[in-house]
Amino acid sequence: MGTSEALKRKQEWLERLKKEGKLKDPTEDHKIGLIALQNRIRREIIKFIGIGGKRCFDEIKEKFNLTDAQAKMHLDLLEQALFVEPLEEDGKKYYVLTPRGEAYLENVEWS
């Protein structure tokens, strides 16, 4: 994705978040982002989704050996922190990275 395409996608994403009332004040937004990233599994889920482009619930659950409740908790928090969002495709729910999730992957060194 080119720079202008990425910028356009980010602007559209931010506008959608505003309309849906999902944007929080900066302090709250920063706090939830830090909480989400404190957990290694959540950081690895972001990476896993980024590598595959999109992942379904069962793929994430199996990859990280999580129960349904654990996977839901991690994905809900990542969604709340705006790192991932659900995508409905062919009647199946997938998770994809948001521009924030993509920026995280681009700016973190993975060993």
For this session: Just grab the label-to-label distance for Leu87 and Met73, each label 7 Å out from Cα along the Cβ direction, in nm (one decimal).
Result: 2.8 nm
For this session: Measure off 7 Å from each Cα along the Cα-to-Cβ vector at Glu59 and Lys10, then give the distance between these two points in nanometres to one decimal.
Result: 2.5 nm
For this session: Could you let me know the centre-to-centre spacing of segment 5-42 and segment 67-111, using Cα atoms, in angstrom?
Result: 11 Å
Exercise. In percent, what relative contact order does the chain have, based on Cα pairs under 8 Å that are 6 or more apart in sequence?
Worked result: 27 percent
Exercise. What are the aspartates and glutamates whose alpha-carbon lies under 16 Å from the alpha-carbon of Lys31, with same-chain residues fewer than 8 places away excluded?
Worked result: Asp76, Glu79
Exercise. Among [x] 13.8, 40; [y] 26.4, 87; [z] 15.6, 54, which one is Rg and Dmax of the Cα atoms in Å computed from these coordinates?
Worked result: [x]
Exercise. In this model, which of Lys61/Lys92; Lys54/Lys92; Lys19/Lys47; Lys72/Lys93 are farther than 18 Å apart at the alpha-carbon?
Worked result: Lys19/Lys47
Exercise. Gln80 to Gln38: FRET efficiency via 1/(1 + (r/R0)^6), r the Cβ-Cβ distance, R0 22 Å, to the nearest 0.05?
Worked result: 0.95
Exercise. Taking each full run of DSSP H in the chain as one helix, which ones are at least 15 Å long along their axis (Cα atoms) and have mean Kyte-Doolittle hydropathy of at least 0.0?
Worked result: 26-37, 40-52
Exercise. For Tyr94, which sequence-distant residues (separation of 5 or more, or a different chain) have an amide H within less than 5 Å of its own amide H, given hydrogens modelled in the peptide plane?
Worked result: Leu87, Glu88, Glu89
Seminar exercise, completed: Most exposed first, judged by fewest Cβ atoms within 10 angstrom, Leu23, Leu66 run Leu23, Leu66
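All of the numbers you see were taken from the coordinates with simple rules; none came from a lab. This is a predicted model, so every value here is computed, not measured. Note that we place each Cβ from the backbone using ideal geometry, even for glycine, and neighbour counts take in every protein chain shown.
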